[in-house]
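First the structure, in the form of C-alpha coordinates, and then the observations on it.
The values are calculated or read from the model by the stated rules, or taken from the named source; none is laboratory data. Everything numeric in this text was worked out from a predicted model, so none of it was measured. As a convention, Cβ positions derive from the backbone with ideal geometry for all residues, glycine included, and neighbour counts pool all protein chains shown.
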Amino acid sequence: MNNFNYLYEAEINVLGSIMLDKNHMEDCVLSPESFSPDWHHGKLFEVLQYAYKKFSDQPDPFYLPLLAQHWGKKLDKIGGMIKFVEIQKSVPTASGMFNHYQQVVNDEYVQREMRAAAERVAIGEATLQDVKARMEELEDIQSRTSVKDGPMNLSELLERHTSIIIKRSQHPGGVTGRKSCSTEYNTMSKGHQDGDFTVVGARPSVGKSAYLCNEAYASSEDGSTSLVVSGEDGAFNMLERMIGSVGRVKVSHMKSGQMTESDWERYSKAADLIGERKIFIDDSPSPTIEHIWRTVRRMIKLYPKMTLYIDYLQHLRSEKDFSSEREMYKYISYQLKQIARTFMIPVICLAAVGRSVDQRQDKRPMMSDIRDCGNIESDADVVIFLYRDDYYNADSNRKGLIDLIVAKGRNIGTGTITMVFDKPFQAFLNITEEIKQKRRDKGLSA
(Lines give C-alpha, C1' and ligand atoms only; values in the text may rest on other atoms or scores of the structure.)
Protein backbone atom coordinates (compact mmCIF):
# COMPACT_ATOMS: atom_id res chain seq x y z
CA MET A 1 0.00 0.00 0.00
CA ASN A 2 1.51 3.37 -0.95
CA ASN A 3 1.73 6.35 1.43
CA PHE A 4 -1.20 8.09 -0.25
CA ASN A 5 -3.56 5.20 0.45
CA TYR A 6 -2.16 4.65 3.93
CA LEU A 7 -2.78 8.30 4.84
CA TYR A 8 -6.37 8.02 3.54
CA GLU A 9 -6.88 4.92 5.69
CA ALA A 10 -5.36 6.65 8.74
CA GLU A 11 -7.68 9.66 8.39
CA ILE A 12 -10.72 7.41 7.98
CA ASN A 13 -9.70 5.44 11.08
CA VAL A 14 -9.34 8.63 13.13
CA LEU A 15 -12.80 9.87 12.10
CA GLY A 16 -14.44 6.45 12.52
CA SER A 17 -12.89 5.84 15.93
CA ILE A 18 -14.18 9.19 17.16
CA MET A 19 -17.70 8.44 15.91
CA LEU A 20 -17.69 5.06 17.68
CA ASP A 21 -16.19 6.34 20.93
CA LYS A 22 -16.75 10.02 21.74
CA ASN A 23 -13.96 9.90 24.36
CA HIS A 24 -11.46 9.81 21.51
CA MET A 25 -12.38 13.43 20.74
CA GLU A 26 -10.92 14.46 24.11
CA ASP A 27 -7.71 12.58 23.28
CA CYS A 28 -7.48 13.94 19.76
CA VAL A 29 -4.66 16.43 19.19
CA LEU A 30 -5.53 17.15 15.57
CA SER A 31 -7.22 20.16 14.00
CA PRO A 32 -9.20 20.38 10.73
CA GLU A 33 -6.01 21.66 9.04
CA SER A 34 -4.20 18.45 10.04
CA PHE A 35 -6.14 16.45 7.45
CA SER A 36 -5.07 16.23 3.82
CA PRO A 37 -6.60 18.82 1.46
CA ASP A 38 -7.06 16.03 -1.12
CA TRP A 39 -10.27 14.90 0.60
CA HIS A 40 -13.06 16.47 2.69
CA HIS A 41 -11.87 14.83 5.89
CA GLY A 42 -10.93 18.16 7.51
CA LYS A 43 -14.51 19.42 7.03
CA LEU A 44 -15.91 16.13 8.33
CA PHE A 45 -13.71 16.47 11.42
CA GLU A 46 -15.00 20.03 11.88
CA VAL A 47 -18.57 18.71 11.88
CA LEU A 48 -17.67 16.10 14.51
CA GLN A 49 -15.93 18.74 16.64
CA TYR A 50 -19.00 20.96 16.54
CA ALA A 51 -21.37 18.05 17.23
CA TYR A 52 -19.27 16.98 20.21
CA LYS A 53 -19.72 20.42 21.80
CA LYS A 54 -23.27 21.09 20.61
CA PHE A 55 -24.73 17.73 21.65
CA SER A 56 -22.53 17.02 24.67
CA ASP A 57 -25.63 16.23 26.72
CA GLN A 58 -26.59 13.40 24.33
CA PRO A 59 -25.44 9.78 24.86
CA ASP A 60 -24.12 9.79 21.29
CA PRO A 61 -23.36 13.27 19.90
CA PHE A 62 -22.56 11.64 16.51
CA TYR A 63 -25.90 9.84 16.12
CA LEU A 64 -26.48 10.09 12.38
CA PRO A 65 -30.18 11.15 12.47
CA LEU A 66 -29.13 13.91 14.89
CA LEU A 67 -26.46 15.16 12.47
CA ALA A 68 -28.89 14.98 9.55
CA GLN A 69 -31.55 16.92 11.46
CA HIS A 70 -29.12 19.68 12.40
CA TRP A 71 -27.19 20.16 9.13
CA GLY A 72 -29.54 18.74 6.49
CA LYS A 73 -28.39 19.27 2.91
CA LYS A 74 -25.41 21.37 3.99
CA LEU A 75 -23.55 18.08 4.48
CA ASP A 76 -23.90 17.28 0.76
CA LYS A 77 -20.88 19.49 -0.01
CA ILE A 78 -18.63 17.15 1.98
CA GLY A 79 -20.11 13.82 0.95
CA GLY A 80 -23.41 13.89 2.82
CA MET A 81 -24.71 11.32 5.28
CA ILE A 82 -23.54 8.55 2.95
CA LYS A 83 -19.94 9.52 3.73
CA PHE A 84 -20.52 9.27 7.48
CA VAL A 85 -22.15 5.86 7.02
CA GLU A 86 -19.16 4.69 4.96
CA ILE A 87 -16.75 5.87 7.66
CA GLN A 88 -18.67 4.06 10.39
CA LYS A 89 -18.79 0.84 8.35
CA SER A 90 -15.07 0.98 7.55
CA VAL A 91 -14.24 1.03 11.28
CA PRO A 92 -16.51 -1.65 12.81
CA THR A 93 -15.12 -1.21 16.34
CA ALA A 94 -13.48 1.73 18.10
CA SER A 95 -9.86 1.32 17.04
CA GLY A 96 -7.25 0.45 19.62
CA MET A 97 -4.85 2.00 17.12
CA PHE A 98 -6.39 5.47 17.44
CA ASN A 99 -3.19 7.10 18.76
CA HIS A 100 -1.15 5.46 16.02
CA TYR A 101 -3.45 6.67 13.26
CA GLN A 102 -3.67 10.23 14.55
CA GLN A 103 0.14 10.23 14.74
CA VAL A 104 0.31 9.22 11.05
CA VAL A 105 -2.06 12.09 10.17
CA ASN A 106 -0.14 14.57 12.31
CA ASP A 107 3.28 13.58 10.94
CA GLU A 108 2.08 13.96 7.35
CA TYR A 109 0.60 17.39 8.21
CA VAL A 110 3.93 18.56 9.67
CA GLN A 111 5.84 17.30 6.60
CA ARG A 112 3.30 18.97 4.29
CA GLU A 113 3.67 22.29 6.10
CA MET A 114 7.47 22.06 6.06
CA ARG A 115 7.44 21.53 2.28
CA ALA A 116 5.04 24.46 1.86
CA ALA A 117 7.29 26.72 3.97
CA ALA A 118 10.34 25.82 1.85
CA GLU A 119 8.38 26.53 -1.33
CA ARG A 120 7.35 29.99 -0.04
CA VAL A 121 11.02 30.89 0.40
CA ALA A 122 11.88 29.58 -3.07
CA ILE A 123 9.32 31.84 -4.75
CA GLY A 124 10.09 34.83 -2.52
CA GLU A 125 6.84 34.85 -0.54
CA ALA A 126 8.58 34.40 2.83
CA THR A 127 11.93 35.15 4.43
CA LEU A 128 14.23 32.58 6.02
CA GLN A 129 13.37 34.12 9.40
CA ASP A 130 9.64 33.51 8.76
CA VAL A 131 10.35 29.91 7.81
CA LYS A 132 12.57 29.35 10.85
CA ALA A 133 9.76 30.55 13.14
CA ARG A 134 7.28 28.27 11.36
CA MET A 135 9.65 25.30 11.60
CA GLU A 136 9.93 25.83 15.36
CA GLU A 137 6.14 25.84 15.65
CA LEU A 138 5.93 22.62 13.65
CA GLU A 139 8.61 21.01 15.82
CA ASP A 140 6.50 21.87 18.87
CA ILE A 141 3.42 20.35 17.23
CA GLN A 142 5.26 17.18 16.31
CA SER A 143 6.89 16.70 19.71
CA ARG A 144 3.69 17.48 21.61
CA THR A 145 1.58 14.99 19.70
CA SER A 146 4.12 12.19 19.42
CA VAL A 147 2.90 8.91 20.85
CA LYS A 148 5.20 7.25 23.36
CA ASP A 149 5.06 3.47 22.97
CA GLY A 150 6.59 2.36 26.26
CA PRO A 151 10.03 3.03 27.75
CA MET A 152 12.71 4.76 25.69
CA ASN A 153 16.30 3.64 25.32
CA LEU A 154 18.74 6.20 26.71
CA SER A 155 20.62 6.21 23.38
CA GLU A 156 17.49 7.72 21.77
CA LEU A 157 17.27 10.35 24.49
CA LEU A 158 20.95 11.23 24.09
CA GLU A 159 20.44 12.04 20.41
CA ARG A 160 17.52 14.32 21.24
CA HIS A 161 19.32 15.84 24.23
CA THR A 162 22.25 16.97 22.08
CA SER A 163 19.92 18.85 19.71
CA ILE A 164 18.08 20.38 22.70
CA ILE A 165 21.35 21.76 24.12
CA ILE A 166 22.27 23.23 20.72
CA LYS A 167 18.82 24.81 20.49
CA ARG A 168 19.19 26.25 24.01
CA SER A 169 22.52 27.82 23.10
CA GLN A 170 20.81 29.85 20.38
CA HIS A 171 18.62 31.73 22.89
CA PRO A 172 19.93 35.21 23.75
CA GLY A 173 20.70 35.66 27.44
CA GLY A 174 20.27 31.94 28.07
CA VAL A 175 16.48 32.22 28.52
CA THR A 176 15.24 28.90 27.15
CA GLY A 177 11.66 29.14 28.46
CA ARG A 178 9.05 31.92 28.54
CA LYS A 179 10.32 35.22 29.90
CA SER A 180 9.35 36.41 33.36
CA CYS A 181 8.92 40.11 34.17
CA SER A 182 11.93 39.69 36.51
CA THR A 183 15.34 39.64 34.83
CA GLU A 184 16.82 38.11 38.00
CA TYR A 185 14.28 35.28 37.90
CA ASN A 186 15.09 34.73 34.21
CA THR A 187 18.75 34.34 35.14
CA MET A 188 17.89 31.96 37.98
CA SER A 189 15.38 29.77 36.10
CA LYS A 190 16.16 30.42 32.40
CA GLY A 191 12.46 31.36 32.16
CA HIS A 192 9.24 29.45 32.79
CA GLN A 193 9.94 26.02 31.30
CA ASP A 194 7.63 23.81 29.24
CA GLY A 195 6.01 21.17 31.41
CA ASP A 196 6.55 23.08 34.66
CA PHE A 197 3.74 23.86 37.10
CA THR A 198 4.44 27.06 39.06
CA VAL A 199 2.37 28.30 42.01
CA VAL A 200 2.52 31.95 43.09
CA GLY A 201 1.04 32.49 46.56
CA ALA A 202 0.32 35.63 48.59
CA ARG A 203 -2.14 37.22 50.97
CA PRO A 204 -5.08 39.14 49.40
CA SER A 205 -4.22 42.54 47.87
CA VAL A 206 -0.46 42.00 47.96
CA GLY A 207 -0.31 42.11 44.15
CA LYS A 208 -0.93 38.59 42.81
CA SER A 209 -3.19 39.61 39.91
CA ALA A 210 -0.88 42.49 38.97
CA TYR A 211 2.05 40.09 38.96
CA LEU A 212 0.17 37.71 36.68
CA CYS A 213 -0.63 40.53 34.21
CA ASN A 214 3.02 41.62 34.16
CA GLU A 215 4.10 38.02 33.59
CA ALA A 216 1.55 37.35 30.83
CA TYR A 217 2.76 40.43 28.94
CA ALA A 218 6.46 39.63 29.44
CA SER A 219 6.18 36.01 28.30
CA SER A 220 4.43 36.97 25.05
CA GLU A 221 7.36 39.12 23.94
CA ASP A 222 8.86 36.28 21.86
CA GLY A 223 5.64 35.81 19.86
CA SER A 224 4.27 33.04 22.06
CA THR A 225 0.70 33.02 23.38
CA SER A 226 -0.45 33.88 26.89
CA LEU A 227 -3.77 32.38 27.96
CA VAL A 228 -5.16 33.88 31.18
CA VAL A 229 -8.00 32.09 32.97
CA SER A 230 -9.37 34.57 35.51
CA GLY A 231 -12.07 33.41 37.90
CA GLU A 232 -11.05 36.21 40.27
CA ASP A 233 -11.41 39.28 38.07
CA GLY A 234 -13.16 40.35 34.87
CA ALA A 235 -11.35 40.74 31.57
CA PHE A 236 -11.60 44.56 31.63
CA ASN A 237 -9.98 44.77 35.08
CA MET A 238 -7.15 42.52 33.92
CA LEU A 239 -6.74 44.63 30.78
CA GLU A 240 -6.59 47.84 32.85
CA ARG A 241 -3.84 46.36 35.03
CA MET A 242 -1.86 45.46 31.93
CA ILE A 243 -2.35 48.89 30.32
CA GLY A 244 -1.32 50.52 33.60
CA SER A 245 1.92 48.56 33.84
CA VAL A 246 2.81 48.71 30.13
CA GLY A 247 1.85 52.34 29.50
CA ARG A 248 2.45 53.87 32.94
CA VAL A 249 -1.17 54.95 33.21
CA LYS A 250 -2.62 55.14 36.70
CA VAL A 251 -5.32 52.50 37.08
CA SER A 252 -7.34 54.89 39.28
CA HIS A 253 -7.49 57.36 36.35
CA MET A 254 -8.92 54.65 34.09
CA LYS A 255 -11.40 53.59 36.79
CA SER A 256 -12.69 57.15 37.26
CA GLY A 257 -12.49 58.09 33.58
CA GLN A 258 -10.57 61.25 34.57
CA MET A 259 -7.82 60.80 32.01
CA THR A 260 -5.38 63.60 31.20
CA GLU A 261 -4.09 64.23 27.68
CA SER A 262 -0.82 62.61 28.71
CA ASP A 263 -2.75 59.60 30.07
CA TRP A 264 -4.53 59.14 26.76
CA GLU A 265 -1.26 59.34 24.85
CA ARG A 266 0.35 56.65 27.02
CA TYR A 267 -2.87 54.62 26.95
CA SER A 268 -2.84 54.64 23.14
CA LYS A 269 0.77 53.46 22.97
CA ALA A 270 0.12 50.69 25.50
CA ALA A 271 -3.00 49.58 23.63
CA ASP A 272 -0.96 49.29 20.41
CA LEU A 273 1.74 47.23 22.13
CA ILE A 274 -0.74 44.91 23.85
CA GLY A 275 -2.84 44.58 20.70
CA GLU A 276 0.16 43.26 18.77
CA ARG A 277 0.59 40.34 21.16
CA LYS A 278 -1.22 37.03 21.41
CA ILE A 279 -2.81 37.43 24.85
CA PHE A 280 -6.19 35.83 25.55
CA ILE A 281 -8.38 36.13 28.66
CA ASP A 282 -11.11 33.69 29.73
CA ASP A 283 -13.00 35.30 32.61
CA SER A 284 -15.60 32.56 33.13
CA PRO A 285 -16.71 32.78 36.79
CA SER A 286 -15.57 29.81 38.93
CA PRO A 287 -14.06 27.91 35.98
CA THR A 288 -13.77 24.14 36.32
CA ILE A 289 -10.54 22.25 35.79
CA GLU A 290 -12.33 20.27 33.08
CA HIS A 291 -13.22 23.56 31.32
CA ILE A 292 -9.54 24.54 31.45
CA TRP A 293 -8.52 21.18 29.92
CA ARG A 294 -10.99 21.70 27.06
CA THR A 295 -9.91 25.31 26.49
CA VAL A 296 -6.19 24.46 26.41
CA ARG A 297 -6.78 21.45 24.16
CA ARG A 298 -8.61 23.69 21.67
CA MET A 299 -6.18 26.63 21.88
CA ILE A 300 -3.00 24.59 21.67
CA LYS A 301 -3.92 23.45 18.18
CA LEU A 302 -3.96 27.06 17.02
CA TYR A 303 -1.17 28.38 19.24
CA PRO A 304 1.33 25.58 19.98
CA LYS A 305 3.72 27.82 21.92
CA MET A 306 1.59 28.84 24.87
CA THR A 307 1.77 29.74 28.56
CA LEU A 308 -1.26 29.19 30.81
CA TYR A 309 -1.94 31.62 33.68
CA ILE A 310 -4.66 31.01 36.28
CA ASP A 311 -6.08 33.59 38.70
CA TYR A 312 -6.53 31.82 41.07
CA LEU A 313 -6.50 28.29 42.56
CA GLN A 314 -9.24 28.79 45.15
CA HIS A 315 -11.67 29.95 42.45
CA LEU A 316 -11.33 26.69 40.51
CA ARG A 317 -13.93 23.94 40.76
CA SER A 318 -14.46 20.50 39.25
CA GLU A 319 -17.36 18.89 37.45
CA LYS A 320 -16.74 15.78 39.57
CA ASP A 321 -18.07 15.27 43.10
CA PHE A 322 -15.68 15.14 46.07
CA SER A 323 -16.16 14.43 49.76
CA SER A 324 -14.31 17.60 50.76
CA GLU A 325 -12.76 20.76 49.31
CA ARG A 326 -9.34 19.44 50.27
CA GLU A 327 -9.89 16.37 48.10
CA MET A 328 -11.12 18.56 45.26
CA TYR A 329 -8.03 20.81 45.39
CA LYS A 330 -5.81 17.75 45.60
CA TYR A 331 -7.38 16.61 42.33
CA ILE A 332 -7.17 20.10 40.76
CA SER A 333 -3.49 20.65 41.59
CA TYR A 334 -2.66 17.24 40.13
CA GLN A 335 -4.63 18.07 36.98
CA LEU A 336 -2.81 21.40 36.56
CA LYS A 337 0.51 19.55 36.63
CA GLN A 338 -0.87 17.07 34.08
CA ILE A 339 -1.92 19.93 31.77
CA ALA A 340 1.65 21.26 31.91
CA ARG A 341 3.13 17.84 31.09
CA THR A 342 0.54 16.72 28.54
CA PHE A 343 0.75 19.86 26.40
CA MET A 344 4.35 20.71 27.36
CA ILE A 345 3.54 24.28 28.35
CA PRO A 346 4.36 26.34 31.44
CA VAL A 347 1.38 26.60 33.83
CA ILE A 348 1.47 29.46 36.37
CA CYS A 349 -1.30 29.44 38.97
CA LEU A 350 -1.95 32.03 41.69
CA ALA A 351 -3.00 30.87 45.16
CA ALA A 352 -4.28 32.70 48.21
CA VAL A 353 -2.26 32.20 51.41
CA GLY A 354 -4.30 31.64 54.59
CA ARG A 355 -4.57 34.27 57.32
CA SER A 356 -2.54 32.18 59.79
CA VAL A 357 0.56 33.86 58.38
CA ASP A 358 -0.66 37.16 59.86
CA GLN A 359 -0.44 35.74 63.38
CA ARG A 360 3.32 35.15 63.15
CA GLN A 361 6.02 37.68 63.96
CA ASP A 362 7.72 36.91 60.64
CA LYS A 363 4.89 37.29 58.15
CA ARG A 364 6.77 35.99 55.13
CA PRO A 365 4.76 33.05 53.72
CA MET A 366 6.25 29.55 53.89
CA MET A 367 5.53 26.23 52.20
CA SER A 368 3.45 25.09 55.19
CA ASP A 369 1.02 27.98 54.52
CA ILE A 370 -0.35 26.28 51.39
CA ARG A 371 -0.88 22.80 52.83
CA ASP A 372 -4.65 23.25 52.74
CA CYS A 373 -4.49 23.64 48.95
CA GLY A 374 -4.42 19.97 48.02
CA ASN A 375 -1.00 18.61 47.05
CA ILE A 376 0.55 21.88 45.89
CA GLU A 377 3.73 21.20 47.88
CA SER A 378 4.45 18.03 45.91
CA ASP A 379 2.70 18.77 42.58
CA ALA A 380 4.30 22.16 41.90
CA ASP A 381 7.74 22.36 40.31
CA VAL A 382 8.18 25.94 41.51
CA VAL A 383 6.53 27.76 44.41
CA ILE A 384 6.92 31.54 44.68
CA PHE A 385 5.53 33.70 47.49
CA LEU A 386 4.98 37.44 47.11
CA TYR A 387 5.71 39.52 50.21
CA ARG A 388 5.49 43.28 50.79
CA ASP A 389 6.68 44.75 54.08
CA ASP A 390 4.54 47.86 53.53
CA TYR A 391 1.46 45.60 53.38
CA TYR A 392 1.83 45.25 57.15
CA ASN A 393 3.73 48.44 58.00
CA ALA A 394 2.79 51.68 56.20
CA ASP A 395 5.96 53.39 57.50
CA SER A 396 8.25 50.61 56.29
CA ASN A 397 11.68 51.62 55.01
CA ARG A 398 11.05 49.04 52.24
CA LYS A 399 7.94 50.86 50.97
CA GLY A 400 7.28 50.02 47.30
CA LEU A 401 9.44 46.88 47.31
CA ILE A 402 8.09 43.38 46.79
CA ASP A 403 9.93 40.13 47.42
CA LEU A 404 9.55 37.09 45.17
CA ILE A 405 10.44 34.30 47.59
CA VAL A 406 11.27 31.18 45.57
CA ALA A 407 10.48 28.63 48.30
CA LYS A 408 10.66 25.61 46.01
CA GLY A 409 12.49 25.21 42.73
CA ARG A 410 12.70 21.62 41.57
CA ASN A 411 15.36 22.41 38.96
CA ILE A 412 16.38 25.96 39.86
CA GLY A 413 16.95 26.07 43.62
CA THR A 414 15.55 28.62 46.06
CA GLY A 415 16.17 32.27 46.89
CA THR A 416 14.62 35.72 47.17
CA ILE A 417 14.32 38.26 44.37
CA THR A 418 13.37 41.86 45.11
CA MET A 419 11.48 44.06 42.65
CA VAL A 420 9.66 47.39 42.79
CA PHE A 421 5.87 47.19 42.90
CA ASP A 422 4.61 50.51 41.59
CA LYS A 423 1.09 50.04 42.88
CA PRO A 424 -0.70 53.01 41.18
CA PHE A 425 0.41 51.58 37.82
CA GLN A 426 0.19 47.90 38.87
CA ALA A 427 3.74 47.55 37.53
CA PHE A 428 6.50 45.15 38.61
CA LEU A 429 9.85 46.78 37.85
CA ASN A 430 13.39 45.47 37.92
CA ILE A 431 15.57 47.42 40.33
CA THR A 432 18.06 49.49 38.32
CA GLU A 433 20.87 51.71 39.62
CA GLU A 434 18.69 54.73 38.80
CA ILE A 435 15.84 53.35 40.91
CA LYS A 436 18.22 52.57 43.76
CA GLN A 437 19.53 56.16 43.75
CA LYS A 438 16.00 57.62 43.72
CA ARG A 439 15.07 55.45 46.70
CA ARG A 440 18.19 56.48 48.61
CA ASP A 441 17.38 60.15 47.92
CA LYS A 442 13.98 59.55 49.58
CA GLY A 443 15.59 57.84 52.57
CA LEU A 444 14.20 54.43 51.56
CA SER A 445 15.96 51.09 51.49
CA ALA A 446 17.37 50.29 48.06
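For first residues located in the range 18-46 and assigned to a helix (DSSP H, G or I), partners that are modelled with pLDDT under 90 and basic (Lys, Arg) and lie 6+ apart or on another chain with Cβ distances below 7 Å form the pairs 44/83.
Just one of 244, 223, 257 is of a type in the set (Gly, Ala, Ser) and in contact with a Phe, Trp or Tyr (Cβ under 8 Å, 6 or more places away or on another chain); which is it?
Numbers: 223 fails: in contact with a Phe, Trp or Tyr (Cβ under 8 Å, 6 or more places away or on another chain); 257 fails: in contact with a Phe, Trp or Tyr (Cβ under 8 Å, 6 or more places away or on another chain).
Exactly one residue qualifies, and that residue is 244.
The number of residues in the range 99-125 being out of contact with any helix residue (DSSP H, G or I) (no Cβ under 6 Å at 6 or more places or on another chain) and within 19 Å of residue 24 (Cα to Cα) comes to 4.
In the range 62-88, the residues that are in the same structural domain as residue 24 (by TED's automatic domain parsing) and surrounded by 13 or more Cβ atoms within 10 Å (Cβ to Cβ) reach residues that are in a helix (DSSP H, G or I) and small (Gly, Ala, Ser) with C-beta atoms within less than 7 angstrom, at least six apart or across chains, in these pairs: 62/51; 67/51; 81/68; 87/16; 88/16. Of the residues making up the range 356-398, just one is out of contact with any strand residue (DSSP E or B) (no Cβ under 8 Å at 6 or more places or on another chain), over 16 Å from residue 203 (Cβ atoms) and outside any loop (DSSP other than H, G, I, E, B), namely 378. Within the range 399-446, track down each residue that is part of a helix (DSSP H, G or I) and more than 22 Å from residue 208 (Cβ to Cβ). Scanning the range 399-446 gives 433, 434, 435, 436, 437, 438, 439, 440, 441.
Of all residues in the range 244-298, those being touching a residue at least 12 places away in the same chain (Cβ under 8 Å) and over 26 Å from residue 227 (Cβ atoms) number 4.
Restricting attention to the range 209-249, which residues are of a type in the set (Asp, Glu) and at pLDDT 95 or above? The answer is 215, and nothing else. Exactly one residue out of 143, 56, 95, 155 is surrounded by fewer than 16 Cβ atoms within 10 Å (Cβ to Cβ), at pLDDT below 85, of a type in the set (S, T, N, Q) and not in a helix (DSSP H, G or I), and it is 56. Out of all the residues in the range 181-211, which are in a strand (DSSP E or B) and of a type in the set (Val, Ile, Thr)? Hits for the range 181-211 are 198, 199, 200. Inside the range 371-400, can you point out the residues that are under 17 Å from residue 326 (Cα atoms) and surrounded by fewer than 24 Cβ atoms within 10 Å (Cβ to Cβ)? Those that are under 17 Å from residue 326 (Cα atoms) and surrounded by fewer than 24 Cβ atoms within 10 Å (Cβ to Cβ): 371, 372, 374, 375, 377, 378, 379.
Look at residue 238 and say whether it is in the same structural domain as residue 286 (by TED's automatic domain parsing), in contact with a strand residue (DSSP E or B) (Cβ under 7 Å, 6 or more places away or on another chain) and either of a type outside the set (Phe, Trp, Tyr) or under 17 Å from residue 205 (Cα atoms) (or both). Steps first, please.
Values: in the same structural domain as residue 286 (by TED's automatic domain parsing): yes; in contact with a strand residue (DSSP E or B) (Cβ under 7 Å, 6 or more places away or on another chain): yes; either of a type outside the set (Phe, Trp, Tyr) or under 17 Å from residue 205 (Cα atoms) (or both): yes.
It is true that residue 238 is in the same structural domain as residue 286 (by TED's automatic domain parsing), in contact with a strand residue (DSSP E or B) (Cβ under 7 Å, 6 or more places away or on another chain) and either of a type outside the set (Phe, Trp, Tyr) or under 17 Å from residue 205 (Cα atoms) (or both).
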